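Note sheet for the following structure.
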Ligand SMILES: NC(=O)c1ccc[n+]([C@@H]2O[C@H](COP(=O)([O-])OP(=O)(O)OC[C@H]3O[C@@H](n4cnc5c(N)ncnc54)[C@H](OP(=O)(O)O)[C@@H]3O)[C@@H](O)[C@H]2O)c1
C-alpha cells in the first residue's frame, strides 16, 4: 500500500493502522526526518521521499512496482485566504498537491493497481463543504478531487478497481488546529474525530469484500457527553 501525507496526522495514523493489519506500507512524504519518525522501527514500512508539488518524477520504489493493493491519498494543504488574497502560487500549490498530484500518482500506478485488483482511497474535505468564504482554493481543489474520484471509479470498474472518497469532519491534526485559528474558531482535540478513528474507517473500506464498493463515506465527530 502507498500512503501519501504519511507525516501528517491522518496519514501517520493510516500507516500505523495498516501495518498493524499486516500491510506493507510505503509511506510517502517530503520531509526525510519526519518520515523516519513515522517509519523508524515500525516493521512493514518503507519511506518514500516525494514532493507532491512535482509528482511527475516517480521515485524508484514506486516506478518499478509490479503490484499495488491500495493507494491512500492523504496529503493536502489548506491555506485560508480570500480570493483577493490568494496568489497565483497559492492556487498552483493547492491544486498541485491536493488534486493534480493525486491524479498523476494514480495514473502512474494504475498498471500495478490493476494487477492487484486494488483500491484507491481519496481523503477529501469535510462533508458538504461548499462556497466557504476565504477558502476557495481549498474547496475548489477538493471539488476537483471528487470529480477525479468519480471519473476514475466509472472508468476502472471494468478492471475491478474500487475507488472510495472519504469526507472527514473535523479531525484532531495540526492542519485543523491551524485552519480553525485562521478562521478564529475554537479548537479542542477532544471534540474532534481522532486520527486513529479515521484510520480505522480507511481500513474498513479496504477490508470490504470485493463484490461491492463503498463509493463515498462521510465521517462526523460525535458531540462529547
Ligand atoms: N484534519 C481535518 O479536520 C480534515 C478534515 C477533512 C479533510 N482533511 C484532509 O485530510 C488530509 C490529511 O490532513 P491532516 O489533517 O492529516 O493534515 P496534516 O497533518 O497537515 O497532513 C498533511 C500532509 O500532507 C503533506 N503535504 C503537504 N504538502 C506536501 C507536498 N508538497 N508534498 C508532499 N506532501 C505534502 C504534509 O507533509 P509535510 O508534513 O511535509 O507538510 C502532511 O504529511 C488532507 O487532504 C486534508 O484536506 C482533514
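The values are calculated or read from the model by the stated rules, or taken from the named source; none is laboratory data. Only a predicted model underlies this, so the values are computations on that prediction, with no experimental measurement involved. When we count neighbours, we look across all protein chains shown, and the Cβ atoms used for this are built from the backbone with ideal geometry, even at glycine.
Residue count for the stretch 178-209 satisfying the condition of being in contact with a helix residue (DSSP H, G or I) (Cβ under 9 Å, 6 or more places away or on another chain) and either in a helix (DSSP H, G or I) or on the phi > 0 side of the Ramachandran plot (or both): 11. Among the residues in the stretch 178-192, are any within 11 Å of the ligand (Cβ to nearest atom), buried (at least 16 other Cβ atoms within 10 Å of the Cβ) and without any contact (Cβ under 8 Å) to a residue 40 or more places away in the chain? There is at least one residue in the stretch 178-192 that is within 11 Å of the ligand (Cβ to nearest atom), buried (at least 16 other Cβ atoms within 10 Å of the Cβ) and without any contact (Cβ under 8 Å) to a residue 40 or more places away in the chain.
Picking from residues in the stretch 54-69 that are modelled with pLDDT of 95 or more and surrounded by 13 or more Cβ atoms within 10 Å (Cβ to Cβ), the one that is nearest to residue 19 (Cα to Cα) is 69. Can you pull out the residues in the stretch 28-45 that are more than 7 Å from the ligand (Cβ to nearest atom) and farther than 18 Å from residue 18 by Cα? 32, 33 - these are the residues of the stretch 28-45 that are more than 7 Å from the ligand (Cβ to nearest atom) and farther than 18 Å from residue 18 by Cα. Just one residue in the set 102, 126 is within 11 Å of the ligand (Cβ to nearest atom), over 12 Å from the mean Cα position of the chain (by Cα) and crowded, with 16+ Cβ neighbours inside 10 Å; that residue is 126. Taken together, 171, 164 contain a single residue that is over 16 Å from residue 118 (Cβ atoms) and under 18 Å from the mean Cα position of the chain (by Cα), which is 171. Does residue 5 satisfy being in a helix (DSSP H, G or I) and either under 26 Å from residue 117 (Cβ atoms) or more than 13 Å from the ligand (Cβ to nearest atom) (or both)? So residue 5 does not fit the description; no. Being assigned to a helix (DSSP H, G or I) and either within 16 Å of the chain's Cα centre (by Cα) or surrounded by fewer than 19 Cβ atoms within 10 Å (Cβ to Cβ) (or both) is a property that does not hold for residue 137.
Only residues that are away from the ligand (no atom under 16 Å from the Cβ) and touching a strand residue (DSSP E or B) at 6+ places or on another chain (Cβ under 7 Å): list them for the stretch 114-123, please. Passing the criteria: 118, 119. Every condition in (1) more than 10 Å from the ligand (Cβ to nearest atom); (2) over 21 Å from residue 150 (Cβ atoms) holds for residue 93 except the one numbered (1).
A quick yes/no check of all residues on (1) assigned to a helix (DSSP H, G or I); (2) within 9 Å of the ligand (Cβ to nearest atom); (3) touching a strand residue (DSSP E or B) at 6+ places or on another chain (Cβ under 8 Å):
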residue: 144; (1), (2), (3): yes, no, no
residue: 163; (1), (2), (3): no, no, yes
residue: 166; (1), (2), (3): no, yes, yes
residue: 176; (1), (2), (3): yes, yes, no
residue: 211; (1), (2), (3): no, no, no
residue: 217; (1), (2), (3): no, no, yes
residue: 224; (1), (2), (3): no, no, no
